[in-house]
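One structure is given here, and the rest of the page talks about it.
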């Protein structure tokens, strides 16, 4: 039942992303709060609802963004996939896993966005996309990764009490 | 009887002596002696008074510090409240200034009808330049309506729900607008980019375009009304080997500080796609 916290939490994160984070730009890039929230959640060992959360995130973001819904959904599902794959392999170093998931997730999401825009007929110069959008966004995502991981760890303990895996 | 007489005489003599001394003192005959006396008296009184004051301070000071601290906390709370009020009022002043500019703009362009809206969000993807406004179909907003500020064109409505709408900015990589260069008297196409820079393309090689030239919407294509200000030419790139000239544009609007915008509600975009010849 406590998993239902996903709806208000993700709705709040989407609002925060759209109203605040999107204005905090570095060159032309900005952080993707939803991506790192999902990465932080999916990396918690006791969490079993990461795919559901990814669906809710894709639903909310797809409602707001101009990007096609399958692109955002695919991107966020990819984040969960990578997180769960890494979580089993490098569970001893959760922060390293968080950084890795954030890095791979950001690159996958931007690659999908780039491809979607290319197919939609508004191609972007690759150098501009990489230098002005992807790398600054990646840096900001990595900056937000540690506090977000800590927050999601505490949240996971609250959602799954007594199921902490050491 | 004799005793009574002698006692009265003593009293009278004492009164006379004291009265005489007093009279002499008031007459200034004992000034040096009285000065010494009053001086010693004042010194003693000063010493006693200061000691008493010190003792009184010692016993009452803790209570004063407590009350002062409480008062200080009250004043600090009041200062914080007033500072918050100042910030809120400053924000209202800024909003009022923006609204006044928008009202001036709408008055100076009476041919259009406007609906004011606040910018409440941006697209979560950094590849796209879209903003979300707090007016939707319930307020008469429809897809394709142009959106402006008092400084110039910012974009057009891309999608609408009941109480909100998404606006594609002219800086979006997918944006493409037919424009007219006023001084050069020629048409061109304005295009956005992922970095937010705006460029002009398809400028005829015959046209003489110079930095500072004003760029307006041309109205061609039916997507936007004519004569909306977009910006100025910053630099021109002209190569003989290319078919057209290109130019870098400084938009009139500061897209990083969009707060309140106007939607032109009496403009309906024309869909010319059926008229565009398709390749066989």
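Structure above, values below:
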item	result
Choice from A:64, A:86, A:38 with maximal GNM fluctuation in chain A (Cα, 10 Å cutoff)	A:64
Peptide A:59-67, shielding by other chains (average Cβ, 10 Å cutoff)	5
Two-site FRET efficiency, residue A:15 against residue B:270, from Cβ-Cβ distance with R₀ of 35 Å, rounded to 0.05	0.45
Least to most buried among A:63, B:224, A:114 (fewest other Cβ within 10 Å first)	A:63, A:114, B:224
Rounded to 10°, Cα long-axis angle of helix A:94-120 versus longest principal axis of chain A	30 degrees
Average other protein chain Cβ within 10 Å of Cβ, residues A:19-25	4
Ranking of A:124, A:36, B:14, B:161 by count of other Cβ atoms within 10 Å, fewest first	B:14, B:161, A:124, A:36
Dimensions (Å) - the stretch A:10-166, Cα atoms, principal axes, largest first	51, 27, 27
Volume per residue that the Cα convex hull of the stretch B:8-108 spans, once the total is divided by residue count, Å³	297 Å³
Angle between chain B longest axis and helix B:31-108 axis [Cα atoms, degrees, rounded to 10]	10 degrees
Cα radius of gyration and Dmax for the stretch B:115-268 (Å)	15.5, 52
Peptide B:113-125 - average C-beta neighbours from other chains (10 Å radius)	5
Pair residue B:23, residue A:89: separation of 7 Å Cα→Cβ label points (nm)	12.4 nm
Mean Cβ count within 10 Å, highest first, over the residues of peptides B:118-130, A:42-54, B:226-238	B:118-130, A:42-54, B:226-238
Whole-Å distance, taken between Cα centres, linking the stretch B:78-96 and the stretch A:9-81	35 Å
Relative packing of A:100-113, B:43-56, which averages over residues the other C-beta atoms within 10 Å, highest first	A:100-113, B:43-56
Ranked packing of B:255-264, B:68-77, most packed first, by mean Cβ within 10 Å	B:255-264, B:68-77
Degrees, to the nearest 10: B:2-26 long Cα axis against longest axis of chain B	40 degrees
Sorted by Cβ density within 10 Å, fewest first, the residues B:253, B:276, A:56	B:276, A:56, B:253
Using distinct alpha-carbon pairs, which all enter the 1/r mean, Kirkwood radius of the protein assembly as shown in Å	28.1 Å
Relative contact order of chain B, pairs being alpha-carbon contacts under 8 Å that are 6 or more residues apart, as %	15 percent
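Values in this text are rule-based calculations from the coordinates and carry no lab data. Keep in mind it's a predicted model, so treat the numbers as computed, not measured. Cβ coordinates were reconstructed from backbone atoms using ideal geometry, including for glycine residues, and neighbour counts include every protein chain displayed.
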